[in-house]
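Encoded as structure tokens, the structure appears first; notes follow it.
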């Protein structure tokens, strides 16, 4: 049996992200079979038991996850020339008045806050931003199967044959796409439910069957919906909500 890095195993076991694992190891917050591990890059066997100290667990409880209704014109992550990053909307003024969380906004909540999945600059809707590596892994890890639901306004004609192709049969970047749930929401709007997130996937899928996307809005990730969150507003993920 091959030994693996403790940080890699911690990530695979859903304890935290690899970056967080390294920070916890440096602080002496990680135990392997009851013994403190303080050496970065330390390797163990996969069947050895990893546990976190109470300090690490308290640190995880303090991590926040924010839901934002991103408007068109904002970029999810790195800012592009002439455009603002979505994180610039996370401030006390743009907090949703209907947010039921008891948390008070603090600048600390912006430290390490990163999008867990992108939403194109010309798309709007639900964007998850989190400090918690476990949530990021759940949503964008290699083995993530969390559903993302979109309402997509299109122009063009879609035959039953091409609708079937959209559901399963298209390839992007030389790779066959996973099956998707796609149906007409109304006469000019499709509902997409995907379990993967290739770059500009829906727009490129539509192009392959002769459709032009006029508008795209993400309305759900897993069991968390956009709901009545207004455009440009944000709220905290509630303790009872799970993706």
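The values are calculated or read from the model by the stated rules, or taken from the named source; none is laboratory data. Given the structure is predicted, the values throughout are model-derived calculations rather than measurements. Here the Cβ positions follow ideal geometry from the backbone for every residue, glycine too, while neighbour counts run over all protein chains shown.
Out of the residues in segment 1-27 meeting the condition of being over 25 Å from the mean Cα position of the chain (by Cα) and in a helix (DSSP H, G or I), tell me which one is surrounded by the most Cβ atoms within 10 Å (Cβ to Cβ).
25
Could you look through segment 44-73, keep only residues that are in a strand (DSSP E or B) and in contact with a helix residue (DSSP H, G or I) (Cβ under 7 Å, 6 or more places away or on another chain), and pick out the one that is surrounded by the most Cβ atoms within 10 Å (Cβ to Cβ)?
68
For residue 205, work out the one condition from (1) in contact with a helix residue (DSSP H, G or I) (Cβ under 8 Å, 6 or more places away or on another chain); (2) touching a residue at least 24 places away in the same chain (Cβ under 8 Å); (3) outside any helix (DSSP H, G or I) it doesn't fulfil.
Here residue 205 meets the rest and fails (3).
Could you grab me the full set of residues in segment 28-37 that are surrounded by 13 or more Cβ atoms within 10 Å (Cβ to Cβ) and assigned to a loop (DSSP other than H, G, I, E, B)?
Passing the criteria: 28, 29.
Report whether or not residue 93 is at pLDDT 90 or above and exposed (fewer than 13 other Cβ atoms within 10 Å of the Cβ).
Spelling it out, residue 93 is indeed at pLDDT 90 or above and exposed (fewer than 13 other Cβ atoms within 10 Å of the Cβ).
Would you mind stating whether residue 172 is at pLDDT below 95, in contact with a helix residue (DSSP H, G or I) (Cβ under 8 Å, 6 or more places away or on another chain) and surrounded by fewer than 16 Cβ atoms within 10 Å (Cβ to Cβ)?
Answer is yes for this residue.
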